[in-house]
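The values are calculated or read from the model by the stated rules, or taken from the named source; none is laboratory data. Computed from a prediction, not measured in an experiment: that's the story for all the values here. We place every Cβ from the backbone using ideal geometry, glycine too, and count neighbours over all the protein chains shown.
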There are 2 protein chains.
Amino acid sequence: MQDIFPDTSPIVDRVALIGLGLIGTSLARAMRRRGLAAHIAGYAQSQKTRDAVAEMGIVDSVYDTMQNAVRDADLVILCVPVGVLGAVAQEIAPALKPGAIVSDVGSVKKAVIESVGPYVPEGVHFIPAHPIAGTEHSGPFSGFAELFDERWCVLTPLEGMGQAYAEAVDRLTHFWSACGAHVEIMEAKHHDLVLAITSHVPHLIAYNIVGTAADLEDVTRSEVIKYSAGGFRDFTRIAASDPTMWRDVFLNNSEAVLEMLARFSEDLTALQRAIRWKDADALYNLFSRTREIRRSIIEAGQETPEPDFGRSHGSEHEADD
Amino acid sequence: MQDIFPDTSPIVDRVALIGLGLIGTSLARAMRRRGLAAHIAGYAQSQKTRDAVAEMGIVDSVYDTMQNAVRDADLVILCVPVGVLGAVAQEIAPALKPGAIVSDVGSVKKAVIESVGPYVPEGVHFIPAHPIAGTEHSGPFSGFAELFDERWCVLTPLEGMGQAYAEAVDRLTHFWSACGAHVEIMEAKHHDLVLAITSHVPHLIAYNIVGTAADLEDVTRSEVIKYSAGGFRDFTRIAASDPTMWRDVFLNNSEAVLEMLARFSEDLTALQRAIRWKDADALYNLFSRTREIRRSIIEAGQETPEPDFGRSHGSEHEADD
């Protein structure tokens with residue numbers, strides 16, 4: 001990968017990461033990679049996680065209270081499930097430094113603005129953010145420095161906030177770019193709608209079909225597992241994502257998710273009817289036009305072009321030829 | 001990979017492949033890898049494909065009529081979409097050698113038995129088969145020798161066929177094993193039900209959500225593409241599969257697909273209700289138990305354990321550490 005940030009001088013003095021799971025530890029590693037922060041402070045709820053992160057040496061100091069972690073920080077990033085963001089904001093508020101930026105990484109934005117906003121003190125800049133990156137793994141050992149490379153990070157700044165806030169948005173933009181991401185500014189409500197179709201509903205139907213398959217009586221679970229290479233296994237990846245995080249996403253973006261789900265179900269009913277009535281053309285037409293979208297995603301650098309996601313037999317193939 | 005077939009002496013004299021797409025050319029390469037056939041004859045409808053395969057040198061002779069391709073063959077494998085299998089069987093029937101095995105690779109089995117069965121001459125052994133392997137790519141250039149390694153190939157032999165047929169089933173089992181696959185014998189109707197949930201419905205809902213996303217007015221296509229890393233891109237892989245093949249699958253396995261789709265929709269409606277009524281426990285419980293299934297699939301050797309399917313940033317990560 002081309003080194004687009006050869007300069008390793010810090011772009012922020014002190015960063016506090018609240019939550020040290022997949023996203024928190026990936027952020028720590030991404031900062032370390034380029035020397036983006038003079039000091040990284042970390043907080044995790046469990047002693048086990050704090051010990052693990054201290055041992056990895058990817059942060060400079062680990063705290064067992066959120067207030068101590070955020071004290072004197074110029075940038076505070078909340079890397080916890082959306083459902084607890086309000087409580088976290090309330091807890092850290094008294095310890096925040098004037099002029100600091102408080103941001104998050106939550107997958108929904110309108111609900112986060114509503115739950116966090118009221119607790120942010122005057123003079124602290126609250127800028128909601130969402131890096132669209134992740135894997136199905138969670139916890140402090142799942143992070144890696146390249147997680148955000150070439151992925152998009154959406155900021156949904158508050159409106160009518162003045163010059164100092166606008167400059168803080170610029171600084172946060174610079175920070176995420178330096179972590180490898182492309183940054184996009186978007187309205188919170190629109191973000192929630194876009195993510196409902198590109199992320200939330202896909203997760204929901206993946207969880208759903210894995211659940212349906214597990215509950216069958218005529219087909220055994222062992223058969224589902226053995227013959228999963230026919231397509232099913234693709235769905236199990238995102239259906240293995242963190243349950244707490246995803247519960248909170250659906251509870252906090254229900255409106256947009258239900259809207260998109262209604263469209264999905266409507267289309268699925270039409271497809272079901274086409275199968276029942278053997279409407280060959282309707283099936284062929286849909287199956288042809290969906291190919292184009294994948295091509296575009298690959299061209300946009302958001303997906304690998306290798307067959308089967310480049311899973312093992314694909315790479316063996318290349319090695320053999 | 002361990003060489004489990006060090007002996008390269010042919011296990012079948014003459015094999016004919018009717019259709020030289022992803023599966024046909026992968027079979028040719030898998031046979032070549034171990035020297036499984038003394039002679040591989042191939043047929044493809046288009047001159048372009050015949051020229052391409054001749055140039056690749058993965059078959060010994062290329063024919064422009066199916067009858068010439070199957071003449072004198074001991075094993076004929078039909079690698080064409082399910083919808084044309086009946087017509088192909090009718091065409092090749094007069095040229096089949098007595099004692100030959102005719103098999104296929106179709107993703108549905110009951111309909112294939114009904115469409116092919118009546119044309120198979122007395123003394124020729126028709127053994128329906130389905131290797132559960134593939135990628136989203138199609139055409140003669142997409143094949144590779146390792147496609148069937150560690151995947152399952154299901155045979156659905158006809159019933160009450162006597163000793164010579166049973167021996168032919170043994171020979172075909174040996175052949176697929178030598179191509180790298182595990183072989184399982186199953187009743188055709190049960191196969192169609194198992195594949196409906198492990199392959200056909202997953203493809204259908206993948207095609208469906210990609211279609212839904214493409215048709216939105218409030219979210220642009222460019223937004224869907226940019227932010228696809230949140231989960232959507234996983235679905236686009238199988239929604240990029242061959243449209244003709246999949247049209248035929250749904251037309252020919254409609255009963256089992258509609259049954260499984262009804263269960264999927266029922267479960268999705270319950271999930272939708274849980275979101276609307278903010279039933280946090282129902283969501284958390286489903287999201288937790290689906291993780292277990294993926295773990296089992298990985299343990300069964302049917303999936304890669306690497307996060308994100310081992311897509312590029314995952315491997316970069318490993319390279320860096």
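Brief remarks on what is shown
- Single residue of segment A:256-272 satisfying the filter (of a type in the set (Asp, Glu) and more than 7 Å from every other protein chain (Cβ to nearest Cβ)) that is surrounded by the most Cβ atoms within 10 Å (Cβ to Cβ): A:Glu259
- Top-ranked residue in segment A:146-157 [being facing chain B (nearest Cβ under 7 Å) and not aromatic (Phe, Trp, Tyr); ranked as nearest to A:Ser107 (Cα to Cα)]: A:Arg151
- Subset of segment B:163-205 [of a type outside the set (Asp, Glu), surrounded by fewer than 18 Cβ atoms within 10 Å (Cβ to Cβ) and in a helix (DSSP H, G or I)]: B:Gln163, B:Ala164, B:Tyr165, B:Ala166, B:Arg171, B:His174, B:Ser177, B:Lys189, B:His190
- Residue ID - surrounded by the fewest Cβ atoms within 10 Å (Cβ to Cβ), chosen from residues in segment B:77-95 that are in a helix (DSSP H, G or I) and of a type outside the set (A, V, I, L, M, F, W, C): B:Pro94
- Residue check, B:Gly160 away from chain A (no Cβ under 12 Å) and on the phi > 0 side of the Ramachandran plot: yes
- So A:His130, is it in contact with a Lys or Arg (Cβ under 8 Å, 6 or more places away or on another chain), over 30 Å from B:Ala196 (Cβ atoms) and either without any contact (Cβ under 8 Å) to a residue 12 or more places away in the chain or not assigned by TED's automatic domain parsing to the domain that holds A:Val224 (or both): yes
- A:His174 vs. criteria closer than 26 Å to A:Ser26 by Cα and away from chain B (no Cβ under 12 Å): yes
- Among the residues of segment A:211-244, those identified as among the aliphatic types (A, V, I, L, M), assigned to a loop (DSSP other than H, G, I, E, B) and either in the same structural domain as A:Gly134 (by TED's automatic domain parsing) or buried (at least 24 other Cβ atoms within 10 Å of the Cβ) (or both) are A:Ala239, A:Ala240.
- Output for segment A:296-311, where each listed residue is more than 7 Å from every other protein chain (Cβ to nearest Cβ) and under 19 Å from A:Gly231 (Cα atoms): A:Pro305, A:Glu306
- Matching option when the condition is crowded, with 20+ Cβ neighbours inside 10 Å, more than 7 Å from chain A (Cβ to nearest Cβ) and touching a helix residue (DSSP H, G or I) at 6+ places or on another chain (Cβ under 7 Å), among B:Asn253, B:Asn208: B:Asn253
- Residues of segment B:221-243 that turn out to be facing another protein chain (nearest Cβ under 7 Å) and either β-branched (Val, Ile, Thr) or over 21 Å from B:Thr135 (Cβ atoms) (or both), as a count: 8
- B:Thr304 falls short on exactly one of the conditions (1) more than 29 Å from B:Ala188 (Cβ to Cβ); (2) in contact with a Gly (Cβ under 7 Å, 6 or more places away or on another chain); (3) in a helix (DSSP H, G or I), and that condition is (3).
- Segment B:295-321 residues that are among the β-branched types (Val, Ile, Thr), paired with ones that are assigned to a loop (DSSP other than H, G, I, E, B) and modelled with pLDDT under 90 (beta carbon under 9 Å, 6 or more apart): B:Thr304/A:Arg311
- Within segment A:96-144, the residues that satisfy the criterion of being of a type in the set (Val, Ile, Thr) and assigned to a loop (DSSP other than H, G, I, E, B) are A:Val105, A:Val108, A:Val120, A:Val124, A:Ile132, A:Thr135.
- Criterion (over 26 Å from B:Phe250 (Cβ atoms) and over 23 Å from the mean Cα position of the chain (by Cα)) met by exactly one of B:Arg50, B:Arg34, B:Arg29, B:Arg71: B:Arg71
- Exclusive hit being buried (at least 19 other Cβ atoms within 10 Å of the Cβ), outside the structural domain of B:Leu251 (by TED's automatic domain parsing) and either within 20 Å of the chain's Cα centre (by Cα) or not aromatic (Phe, Trp, Tyr) (or both), set B:Gly99, B:Gly57, B:Gly117, B:Gly106: B:Gly106
- Of all the listed residues (A:Glu259, A:Glu303, A:Glu266), the sole one being outside the structural domain of A:Gly83 (by TED's automatic domain parsing), modelled with pLDDT under 95 and among the charged types (D, E, K, R) is A:Glu303.
- Check on A:Thr220, of a type in the set (S, T, N, Q) and in contact with a helix residue (DSSP H, G or I) (Cβ under 7 Å, 6 or more places away or on another chain): no
- Residue match in segment A:273-290 (condition: touching a residue at least 12 places away in the same chain (Cβ under 8 Å), at the interface with another protein chain (Cβ under 8 Å from one of its Cβ atoms), in a helix (DSSP H, G or I) and within 21 Å of the chain's Cα centre (by Cα)): no
- Selection count, segment A:75-94, where residues are closer than 16 Å to A:Pro121 by Cβ and in contact (Cβ under 8 Å) with a residue 60 or more places away in the chain: 5
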